[in-house]
Every structure is written in structure tokens, then in C-alpha cells.
Amino acid sequence: MSSGLLLKHAQLSGGPASDVRIQGGHIATVASAGELAPAAGEQVLDLSGYLLLPAPAEPHAHLDKAFTAERFGRAAPDLMTAIKQWHAHRATLSVEDVVERARAAALQTLARGATAIRTHVDVGEGIRLRGVEALLTLRDELRELIDIQVVALAYPVAGEAWADHRQMLCEAAEMGVDLVGGAPHVTDDPSGDLEVALAVGERYGLGVDLHTDERMEESHGLEELCQRCAEDFALPATASHCVSLGTMPAETQTKIAARVRHAGVGVVTCPLTNLLLQGLGISTLTPRGLTAIHPLLKAGAMLAAGGDNVQDVFNPIGCGDPLQTAQLVMAAGQLDAETAYRLVSDGARAVMGLPAVGFEPGSPAELLAVRAHSLSHAIATVTEDRIVIRGERVVVRTRVEREIDSAVGAFELA
Ligand SMILES: [Zn+2]
């Protein structure tokens with residue numbers, strides 16, 4: 001029986017050094033540093049030198065694809081080539097193979113601080129339901145460490161020719177996935193694919209998370225989804241990427257952002273993969289490939305930033321690190337550190353339908369300690385020196401050791 005955890009001398013972002021008591025998995029007390037004395041049987045963790053943050057969450061991952069870049073050859077230069085390349089290879093994957101790689105990616109993301117991950121998993125020709133089986137196994141296996149939400153990603157699903165995909169999507173729902181996914185914008189019938197996803201969601205009582213308008217060309221999937229949510233789709237809906245919105249005139253972005261807010265649709269931007277795969281071949285005024293971040297923020301829409309691919313054929317340099325995502329969205333989206341971090345923490349949790357975490361008494365104790373003196377410093381260095389706290393447990397601790405040749409001089413590093 002655990003008797004609580006006392007965190008001593010933690011720097012809170014924008015606040016004073018504090019002691020934080022965790023009891024029953026929740027924040028019990030926050031006091032000035034040095035004020036709280038350990039109670040009998042209470043574990044104590046000295047966080048001097050660490051910044052203590054509400055833990056981030058990863059709202060957009062593809063754990064089933066992780067770490068396949070080297071196995072399947074050179075990563076593709078653009079999204080459509082990557083999709084073709086991936087579909088040619090996914091038939092070769094066994095359940096065990098997916099579990100192993102997905103576990104490694106999930107634990108890596110947990111070590112970087114995310115205590116919840118929403119992952120899409122391919123469903124369709126070649127892979128069938130093996131990815132779903134793998135991810136559901138992993139969701140249960142890691143339940144104590146990390147909340148995993150599984151999104152069944154199938155496309156195309158509309159029309160006579162794709163009855164098999166529709167059937168598999170329903171089977172995935174029956175197996176217990178958390179959400180229905182899709183990628184209507186890459187199919188011949190985007191509206192048809194959207195309707196199938198919503199119908200399957202309604203039939204099984206599941207929300208949807210759709211890859212939406214992940215292209216520079218004009219695309220209206222986000223508006224259609226908002227329309228359907230405003231009409232009669234009453235379950236949670238997320239639109240991931242929404243790249244084409246970022247290419248529209250400012251007044252159109254403002255109008256659509258207001259609709260997104262009104263419809264309660266969550267938007268997830270994925271800066272690393274979008275910067276890598278979008279706008280290829282445009283050498284002048286190269287677009288950033290991100291959604292309309294500022295209009296969405298201004299409208300008060302639910303917005304999050306995700307890491308997306310982890311060293312797969314879509315993106316060989318992802319590592320599932322929310323601080324890296326915050327750094328990228330801060331630079332590419334021109335945000336301040338607080339807003340950038342909010343997109344990978346509160347914003348991500350809101351999109352994922354999870355309760356907010358913070359330092360108010362009663363808040364779930366999902367915390368990340370980073371060896372840094374401020375939020376900007378943490379985002380600047382993206383140090384791996386981190387401690388992840390969940391409930392009353394330290395679930396991962398990463399130590400960074402650095403040695404500089406002392407014969408040259410005694411140096412202190414920032
Ligand atoms: Zn994705």
C-alpha cells in the first residue's frame with residue numbers, strides 16, 4: 001500500500017520553487033519549497049534543478065509503423081509516395097513484430113513525458129486486423145504506465161470495391177478500438193469515406209479521428225466534418241493535420257476556425273511530418289505545411305500538436321518527443337513557449353477527451369520533471385534528463401551524464 005509521494009524543491013513553470021504532495025494518485029497539497037515535511041511512509045523525491053510540468057500527451061502517433069524506416073529502405077519524399085511504399089510493406093508484418101516496435105515507441109514517448117498516447121493503426125489489405133490485435137494487446141499490457149487510445153485507420157472505405165475495408169473497420173470496432181479513423185482526402189470519394197467513418201462511429205458509439213486535408217491543394221474535409229458535427233454527429237471528432245487550411249486566405253481561415261470551435265472538433269497539427277512531407281519542390285516562399293494555428297487559437301478551437309511518425313517510411317527522424325513537437329510548433333507556428341507547451345499538454349488532453357492536469361488539489365498527478373530552469377529553457381534544450389511521475393510512482397527516470405576533458409579547463413554548462 002503506497003503512502004504517497006512528496007516532491008521537494010520543484011520549480012513550477014512561471015511560479016516559485018515548491019513542494020508538491022501526491023496522495024491517492026492526485027495532487028494533495030502545493031506549498032512553498034521547504035514547507036512540507038515527509039509524513040510517515042511517504043516517499044520523497046528531491047527535484048532541485050528540475051522544472052515540474054503537467055505531463056504532456058501524444059495526440060497523434062502511428063505506433064504500428066514505428067522504426068520501419070531502415071528496414072523498408074529510404075524514406076519517401078512526399079506523403080503519397082510514402083503511403084504507396086508503406087502499403088507495399090505492411091503485408092509482411094506479424095502481430096508480434098508490431099507489438100515489439102509499438103512497445104518500444106510507446107515507452108520512448110513515455111520516457112519523454114507523455115502519459116497518454118493516441119495511436120492510429122492501419123486496417124486494410126495486407127495487414128488486415130493484425131495491427132489492431134497488436135495495439136490492443138499493447139494497450140492492456142502498458143495500462144499501468146500509459147493510457148493508449150487506438151484509432152482504426154482504414155481507407156478507402158466507401159463504395160462497392162471497398163466493402164472488405166468497411167467490414168474490417170467494423171470488426172476493429174468490435175475488437176475494442178477506441179476511435180474510428182480514416183483519411184478521406186486521399187481517396188476518390190472523400191465525402192463517402194467521411195460518411196462511412198461517421199456511420200461506423202455511430203453504430204459502435206465511438207468518436208472519430210480522421211486524417212483530414214493533409215495536402216497543400218484545396219481540400220474541404222474539415223468543413224465537411226464540422227458541418228456533420230453541427231448537424232447530427234454527436235460523438236467526439238478530431239481532424240488531424242488540416243494542412244490545406246493553412247493555405248487559405250486569412251478571412252476564410254477565420255470563418256472556418258469559428259466553425260471548428262462551434263462544432264467542437266479537435267484539430268491536431270503535426271509539425272515535424274508536415275514540414276518534411278508538404279510543399280516539396282517549392283523552393284521560393286516554401287510553405288510550412290501546417291494548419292492555420294493562429295486563427296484556430298484565436299477562435300478558441302480545440303487545438304493540439306502531435307509527433308506523428310517515429311522513424312518510419314513517412315518520416316525517418318521522428319522520436320515521439322512532445323518537447324521536440326513543442327519546439328517545432330513554436331518555431332514553425334511562431335508561438336510563445338507557454339502556448340507551444342499547451343498544445344502538447346492541455347490541448348492534447350482536451351482533444352483526447354482526457355481530464356486536464358495541473359497543480360490544483362484534486363488534479364490527477366500526471367507530471368513531467370525536466371532538468372531546466374524555465375519552460376523556454378526546457379524547450380530550447382529538449383534535454384532527455386527527465387522524470388515522469390504518474391500517480392504516486394516515478395514511472396521513468398532518464399539521467400544524462402556529460403563529461404568534458406578536465407585537462408582543458410573546468411567548464412560549467414548552462
Ligand atoms: Zn497520421
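The values are calculated or read from the model by the stated rules, or taken from the named source; none is laboratory data. None of the values given here were measured: they were computed from a predicted structure. Cβ: placed from backbone, ideal geometry, glycine included. Neighbour counts: every protein chain shown.
Descriptive notes on the structure:
- VAL357 vs. criteria touching a Pro at 6+ places or on another chain (Cβ under 6 Å) and more than 16 Å from the ligand (Cβ to nearest atom): yes
- Residue among VAL44, VAL20 that is surrounded by 22 or more Cβ atoms within 10 Å (Cβ to Cβ) and in a strand (DSSP E or B): VAL20
- Of the residues making up segment 197-209, one or more are surrounded by fewer than 18 Cβ atoms within 10 Å (Cβ to Cβ) and either on the phi > 0 side of the Ramachandran plot or hydrophobic (A, V, I, L, M, F, W, C) (or both).
- A single entry from ALA88, ALA102 fulfils the requirement of being surrounded by 21 or more Cβ atoms within 10 Å (Cβ to Cβ) and either on the phi < 0 side of the Ramachandran plot or part of a helix (DSSP H, G or I) (or both): ALA102.
- Output for segment 99-122, where each listed residue is in contact with a Gly (Cβ under 7 Å, 6 or more places away or on another chain) and either β-branched (Val, Ile, Thr) or free of Cβ contacts under 8 Å to residues at least 24 places away in the same chain (or both): THR109, VAL121
- Of the residues making up segment 159-185, those that are buried (at least 19 other Cβ atoms within 10 Å of the Cβ) and either among the aliphatic types (A, V, I, L, M) or touching a Gly at 6+ places or on another chain (Cβ under 7 Å) (or both) number 11.
Okay, residues lined up against (1) over 16 Å from HIS211 (Cβ atoms); (2) surrounded by fewer than 23 Cβ atoms within 10 Å (Cβ to Cβ); (3) assigned by TED's automatic domain parsing to the domain that holds HIS211; (4) at pLDDT below 95:
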{"position": "ALA106", "(1), (2), (3), (4)": "yes, no, yes, no"}
{"position": "ALA111", "(1), (2), (3), (4)": "yes, yes, yes, no"}
{"position": "ARG118", "(1), (2), (3), (4)": "no, no, yes, no"}
{"position": "LEU129", "(1), (2), (3), (4)": "yes, yes, yes, no"}
{"position": "ALA134", "(1), (2), (3), (4)": "yes, no, yes, no"}
{"position": "LEU138", "(1), (2), (3), (4)": "yes, no, yes, no"}
{"position": "ARG143", "(1), (2), (3), (4)": "yes, yes, yes, no"}
{"position": "VAL157", "(1), (2), (3), (4)": "no, no, yes, no"}
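- ALA356 meets the stated requirement of being within 17 Å of the chain's Cα centre (by Cα), over 23 Å from HIS211 (Cα atoms) and outside any helix (DSSP H, G or I).
- If you go through segment 249-296 and keep only what is modelled with pLDDT under 95, within 16 Å of the ligand (Cβ to nearest atom) and polar (S, T, N, Q), you end up with THR273, ASN274, GLN278.
- The set of residues in segment 47-67 being under 19 Å from the mean Cα position of the chain (by Cα), assigned to a loop (DSSP other than H, G, I, E, B) and either modelled with pLDDT under 95 or farther than 22 Å from GLY362 by Cβ (or both) consists of HIS62, ALA66, PHE67.
- A search for C-beta distances below 6 Å between a residue of segment 240-262 that is surrounded by fewer than 21 Cβ atoms within 10 Å (Cβ to Cβ) and any residue that is part of a helix (DSSP H, G or I), counting only pairs 6+ apart in sequence or on different chains, returns THR254/PRO295; ALA258/ALA299; ARG259/CYS226; ARG261/ALA299.
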